[in-house]
1. Please report the net charge: other residues with Cβ closer than 14 Å to the Cβ of residue B:188, K and R +1, D and E -1.
2. Given 0.36 nm per residue, what is the gain on full extension from residue B:139 to residue B:288 after removing their alpha carbon distance, in nm?
3. Mind pulling up the Rg/Rh value for segment A:210-332? Radius of gyration and Kirkwood radius, both on Cα.
4. Averaging over every viewing direction, what projected area does the convex hull of the Cα atoms of segment A:381-458 cover, in nm²?
5. What whole-number distance in Å separates the alpha-carbon centres of segment B:156-212 and segment A:354-421?
6. Report the one residue of A:95, A:310, B:260 whose Cα lies farthest in the direction of the positive end of the charge dipole of the protein assembly as shown (charges on C-beta: Lys and Arg +1, Asp and Glu -1; origin at the Cα centre).
7. Can you list residues whose amide H is under 5 Å from residue B:294's amide H, if they're 5+ apart or on another chain and H is modeled 1.01 Å from N?
8. Would you mind computing, in nm to one decimal, how far apart the modelled labels at residue B:184 and residue B:303 are, each placed 7 Å from Cα along Cα→Cβ?
Amino acid sequence: MTTSPLPTAAARDGEARRAFLRDALHRAGADANELVELRYHKKSFHTAIVQRGRLERSASQSREGVAVRVLVDGSWGFATTSSADPASLAAAIDLARRSARASAPHRKSRVPHLAAGSLAVGDFSQAGVDELRSRSLDARVALVMELEAQARGASSRIRTASSVYDEIIEEKAIVTSDGADVSWVLGRPGLRVKAVAERDGDLSDVTESIGVTGGWDCLFRTAPGEMAESAARRAVELLDAKAAPGGRQTVILSPSIVGLLVHEAIGHTVEADFVLSGSVAQGKIGHKVASELVTLCDSGRSEYFGGAGGTLPVDDEGVVADRTVVIEQGILKGYLHNRETAARFGVAPTGNARAWEYADTPLVRMRNTYIEPGQTSLEALIESTEEGLFLDGARNGQADATGEFTFGSRFARRIHKGKLGELLRGVTVTGNAFEVLSSVDGVSDTLRWDLGSGHCGKGQPAKVDAGGPHLRCKALLSGKTEDGGVA
Amino acid sequence: MNPQSLRDLCAQGVALAKRAGAQQAEVYAQRTDQLEASFLAGDLDQVCSSAETLFGLRVIVDGRIGFATSNQPDHLAATAEAAVAWARSSPPDPLAGLPDPLPLPDLRPQVDPEILALGPDALVARGLDLLGRIEARDRRVKIDRAVVNRSEGQIAVVSSTGVDAAWHSAQLSGDVFGMAVDGAEVGSFSYDADATQRLVEADALFAQMVTAFADRCVGALGATRGESFCGTLWIPPHAVEEVLLDMLLTGANAGTVRRGTSPLADKLGRAIASAGLTLTEAGPGLPWYPLCPFDREGIPRQRTAIVENGVLRSFLYDALEARAVGRASTGHAVGGATSLPGVGVTSLCVDTGDMADEAWAQMKRGVVVTRFSGTTDPASGDFSGVVKGGFLIRDGDKRPIHETTISGNLWTLLHQISGIGQTAHRVSAVRALPAIRVEDVDITAG
């Protein structure tokens, strides 16, 4: 068991919720042969979106309820109720129990038991929620209106701009019949600004964004005005940029692209449910899968630098969400687990069970995924590169069960004889992530979280973050090669 | 909760919003009861049941818009006050306003009692049947995730301008996600889904779905390096929307036109594609899958030709976008109770052409795109990405390929359509799409 650190107002609210769940659990009378898990979850959103000077959206959303999971006869039953009264919760427990019993005969492989791991007790509320709640709606509206106006007015070349403020406040409590008894509150604000530049019908757009776990001040570790100015300036610069050359090349990847690579192309293949389905990481524990310069982790904490967007103290099964080493000096060391997959693999759960809303079943999901920083400065990495490209600005990416990936970079800069050269339009990078990581021969010494404003999708969304240092490696870029051929 | 009580909830919300200071108010409410059997790694995972009532209030206060939503009917008054508070914090908006009601077609939902009667055992049995059929098709196919879902939905929308509509529906849906594994070789992902409102159709539909899914998974095994050339692309029905239509539909959204981000803004009445392409938003749905006859705002859904014989004929509008240009809504407001209405597509069809469905075999040299994974830029139309689970065709021979990228510009590509299939295939219940062939595409082997 891991017990909580803080006696606060949030802790008192959390204790009341846990008491409600404990009472329901007591009345339901869970016996030694079954596991009953009750999860209260309230999710509140504030959103404000501005485009071309018009407030397109200004809205609040709130959704709350209790999810019940029952494991009996080696089989799961799941039911939810949005009515927070004892009778509705008792009916949901009964329904989940009946569903579990009804499905048990049809399971080929019964769940033998759940790995206990480090079940949390107490309140683990995070800082920043009161700060968010104290801000007026006027302040949020003013923020996005000013941000968009600033980006739109930054240059006569800017054709249109937009800005988005979104904020999630999560309130949770989990009580299980085998000892988890935990509550927490946390906030996840995010901010995005996009500028679209145009010249003679040629368009380029740049988005600057930040998404954190924390409060208002944490969000503004980069001044909003700088984000607007940077988006506009870079969008205009791209109008003059030529296309980057294709082909297999030496590249230095920025932390945002490293984040996309480790999340999309490596992280999903080491989610234990996916490993059980046959992902490429199956059977590779102890194998060399990357350069020895690469140590890759996934953590519920915000390692090295505060506010990472996927931070959570405890997962949605009540397990403390600690740091998990996936690849250590190039060797695959472990997978990401919930309590069931951990039991199947005979290891401790890693705190990766996450549900987006109360009515969702917890799935194995990443949190903050990153590569550990190395010893070399970014400047030294660039200086020691004879020819190559510096890639920055992650765009959308996708990956496959095989580790094959595709993602875009918004910008590229040529590197020639150790010096950064002209700005180029971004490229699409493809390849096999394990091969790319095996080619890493340089790792910079500073980590940056850079994927916190988006969502990961796996049937249900999840707020995650990813990042790392700058990496030097080989990658295949699509497009025309320097000699006019195709890559 | 029955449809009438959902309507009553909406009416109460309208009254509470007006009491809180709104001059106009609209409440959209949805009640969903679901039962679902889910499967992980080829085995039954769990049976889930859920029931919830969600409602969203849109208010207009002094020409300003506010919105709030909740799943707690007891919090109706507080939610109305939250919507009014947002409106008061927002700047005046010349587009603010709610639509006036329009006559609705005869509203007689057809809810299949046999679907409503499906219990946990029946869903588990159907899921096991799906898995069994896949295994029988080819044992190398591994199911990462599969779901069989029975869903009953009720919706109601009531506004202070007189909109008052309700609907009731039930469906059985299934989806599968996985890949083929052969020894150390892991194939590319595949996914398929379908849904029906009539239980009697379910067996045949799901059998068809899992056959297509299993064949795609296995087809991706044994992939080798492709070839680099400028040539023909064969886009099967299930990939047509992803590869060809997504950006076009974004550009045909009146919201993107108003916001200045649609490259189609000045193209109405002009040819934007080869003359063979006719693309229609199917409004109240396809014959085999009728939809609720009104949109998110209670306005009748209209069947709308977007592209006719290659010419851009219409954008899609909700009430706000229609007001912005002084015309009527086409009934394309989408969204649920948790968001403000926005313009979107619900059901879609492409007219068939005269190309034989197996004409890929006659391609001299080309690539079949089973799935596309890449980056697209709706503003410029530029796209670039990898063909997943694709095939190289050479003089009638077909072999799986990997790491093959395609790149180009969508607006150019639409003019390079050289063939449209003779048969429209049902895709995910609400699409009727034929295969499409495109010429002169840059194809690059990795």
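1. Details: positive: B:140, B:142, B:216, B:371, B:388; negative: A:400, A:404, B:144, B:182, B:185, B:192, B:215, B:403.
Value of the local net charge: -3.
2. On the way: separation 149, 0.36 × 149 = 53.64 nm, distance 3.20 nm.
This chain segment gains 50.4 nm when fully extended.
3. Values: Rg = 18.5 Å, Rh = 17.8 Å.
For segment A:210-332, the value is 1.04.
4. If you wrap the Cα atoms of segment A:381-458 in a convex hull and average its projections, you get 6.1 nm².
5. Cα centroid to Cα centroid, the span is 34 Å.
6. Most positive-ward Cα: B:260.
7. Correct list: B:301.
8. 5.6
Bear in mind these aren't lab numbers, they're just calculated from the coordinates by the rules spelled out. Keep in mind that what you see is a predicted model, and the values were worked out from it rather than measured. With ideal geometry, Cβ positions are generated from the backbone for all residues, glycine too; neighbour counts draw on all protein chains shown.
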